[in-house]
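Visitor: Below is one structure. I have some questions about it.
The values are calculated or read from the model by the stated rules, or taken from the named source; none is laboratory data. Predicted model, so just to flag it, every value in this text is computed and none were measured. Neighbour counts run over all protein chains shown; Cβ positions are idealised from the backbone, glycine included. Ligands, DNA and RNA are stripped out before the accessible areas are found, and what is left, the full protein with its side chains, is counted by its heavy atoms. Shrake-Rupley method; radii C 1.70, N 1.55, O 1.52, S 1.80 Å.
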Amino acid sequence: MNQHRLVKNPRSDWQQSLADVITNPNRLLEMLHLKPEQVDLCAIDSLKFPFRVPREYVARMRLGDPRDPLLLQILPTKQELSAMPGYSHDPLQEEKANKLPGLIHKYKGRVLLTIAGACAINCRYCFRQHFSYEDNNPGRAGWQKVVDYVAADPTINEIIFSGGDPLIAKDSLLAQIIERISKLPQIKRLRIHTRLPVVIPQRVTDELITLLINSGLQIIVVVHANHPNEIDASVEESLFVMRRAGITVLNQAVLLKNINDDPIVLAELSEKLFASGCLPYYLHTLDKVMGSAHFDVEISRAREIHWQLSQILPGYLVPKLVKEVPGVLSKVPINLDINF
Ligand SMILES: *Cc1c(COP(=O)(O)O)cnc(C)c1O
Ligand code: SF4
């Protein structure tokens, strides 16, 4: 008799996928059966934030559609070259909170470790697109300093792995850091902010899950999907594998013009996430980073979309609509402004 496995996913080839990401937008257009004149592509040599997209993600884009919501998130267009008032290189002023290479300490009780300097995918709206990762790579000796900083502050009880995307790091690096922080008695939780389970879902290997679970810490993975089309069967599987292992899986999305600025689209996103064991957490308004103005949704429109969303979903499927205000020690909720 054949020994069928219900789900047969090759879950060891993520590094190959990372090596195979598409870095030439013209190649992407070919794959999608699009002609250059159908999109407003900018010259790629002018890009400081390179073009980069995994094949797994491209496979979820519609062929021949220049307005595909996944394509619009990653395609560098001429719009991003125009300077706009109010848009800057470091809108969150994170550089001030960058206490040591590899460590950002801005929020009470939580520190962010910038584990990796790059991502599998480069999202054109990303607020970290101008961040200098070269200056922020701690190296081996540096990681010890980061651990010492955390050890010296008993108020820190949660470590957040961020980046870049921390899951592009090899398990061996993650294991070294996790081993050191899990020995610190005040640390209760490890949170990982990553887009990899969405863009290269085979990154969620059994080995990774084991490494996380064996840390003895409570694990929270915050993924990032903006549109329901980003979630195919392999993404559902990667989210569900984490959920089954006892990991709390949350999603953050960014409200993006012409991509998900529609309550029906956001409702479908919440439904798909929850069907895979993932709860919607934050819906961020755009951080005003240079080159991203064409993604901005006005606050009044954002409120309206969020209100409509809350009218069609159970409360636990409605993400918190928030904005980031430099210097404020939490996300700032964008409250309704409706009088009944
Ligand atoms: C928002 C944010 C946090 C804190 O996240 P919460 O989920 O609000 O605790 C930490 N680090 C960075 C960089 C953030 O943007
Ligand atoms: S995956 Fe996240 S950090 Fe990386 S480019 Fe996209 S939004 Fe930015």
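Visitor: Quantify, in whole percent, the carbon and sulfur part of the accessible surface of the range 2-333 (1.4 Å probe; protein heavy atoms only). All intermediate terms of the calculation are to be shown ahead of the outcome.
Guide: Values: 8060 of 15310 Å².
It is 53 percent, rounded to a whole number.
Visitor: Any of 108/320; 108/188; 145/331; 48/288; 257/331; 106/323 with alpha carbons more than 24 Å apart? Name them for me.
Guide: Details: 108/320 20 Å; 108/188 14 Å; 145/331 28 Å; 48/288 17 Å; 257/331 21 Å; 106/323 16 Å.
Table pairs above 24 Å Cα-Cα are 145/331.
Visitor: Say each of residue 279 and residue 172 gets a label point 7 Å from the Cα, pointing the same way as Cα to Cβ; how far apart are those two points in nm?
Guide: For the pair residue 279/residue 172, the computed spacing is 3.8 nm.
Visitor: Averaged per residue, what accessible surface does the range 115-257 expose to a 1.4 Å probe, in Å²?
Guide: 37
Visitor: So, how do all the Cα-to-Cα distances of the chain break down into 10 Å bins, in percent, from 0 on up?
Guide: Per 10 Å bin, starting at 0, the Cα pair percentages come out as 5, 24, 34, 26, 8, 1, 0.
Visitor: For the chain, what is the percent of antiparallel DSSP beta bridges, rounded to the nearest 5? Each step should come with its number before you reach the end.
Guide: Details: 8 of 36 bridges.
In the chain, DSSP labels about 20 percent of beta bridges as antiparallel.
Visitor: Same structure again: Starting from 0.36 nm per residue, how many nanometres of slack lie between residue 82 and residue 97 once their C-alpha separation is accounted for?
Guide: Working: separation 15, 0.36 × 15 = 5.40 nm, distance 2.85 nm.
Extending this stretch completely gives an extra 2.5 nm.
Visitor: In whole angstrom, how far apart do the alpha carbon centroids of the range 88-145 and the range 287-335 sit?
Guide: If we compute the Cα centre of each part, the gap is 23 Å.
Visitor: Kindly point out which whole DSSP H helices in the chain project their C-alpha atoms 15 angstrom or further along the helix axis while averaging a Kyte-Doolittle hydropathy of 0.0 or above.
Guide: Values: long enough: 139-151 (18 Å, -0.17); 171-182 (16 Å, 0.53); 233-244 (16 Å, 0.09); 263-275 (18 Å, 1.02); 299-310 (16 Å, -0.59).
Long hydrophobic helices here: 171-182, 233-244, 263-275.
Visitor: Relative contact order (percent) for the range 2-333, with alpha-carbon contacts under 8 angstrom and 6 or more residues of separation?
Guide: It comes to 17 percent, rounded to a whole number.
Visitor: Same structure, new question: Which value in deg cm²/dmol, rounded to the nearest 500, describes the helix-derived mean residue ellipticity at 222 nm for the chain, given -39,500 (n - 2.57) per DSSP H run of n ≥ 4 and division by the residue count?
Guide: On the way: 11 runs with 95 residues, N = 340.
For the chain, the value works out to -8000 deg cm²/dmol.
Visitor: Find out how many positive minus negative residues lie around residue 93, taking Lys and Arg as positive, Asp and Glu as negative, among other residues whose Cβ is under 13 Å from that of residue 93. Could you put the intermediate results ahead of the total?
Guide: On the way: positive: 96, 106, 128, 288; negative: 90, 94, 95, 287, 324.
With Lys, Arg at +1 and Asp, Glu at -1, the neighbours total -1.
Visitor: Once R0 is set to 22 Å, what does the formula 1/(1 + (r/R0)^6) return for the Cβ-Cβ distance between residue 63 and residue 13, expressed as a FRET efficiency to the nearest 0.05? Could you put the intermediate results ahead of the total?
Guide: Working: r = 24 Å, r/R0 = 1.11.
For R0 = 22 Å, the calculated efficiency reads 0.35.
Visitor: Can you compute the FRET efficiency between residue 332 and residue 148 using 1/(1 + (r/R0)^6), with r the Cβ-Cβ distance and R0 = 25 Å? Round to the nearest 0.05. Write down the numbers at each step before the final one.
Guide: Working: r = 32 Å, r/R0 = 1.29.
The formula returns an efficiency of 0.20 here.
Visitor: Give the residue from 175, 69, 156 lying farthest towards the positive end of the charge dipole for the range 2-333; charges sit on Cβ (+1 for Lys and Arg, -1 for Asp and Glu) and the dipole is referred to the Cα centre.
Guide: The residue sitting most towards the positive pole is 156.
Visitor: So if I take the centroid of the Cα atoms in the range 14-79 and the same for the range 168-230, what is the distance between those two points in Å?
Guide: The distance from the Cα centre of the range 14-79 to that of the range 168-230 comes to 27 Å.
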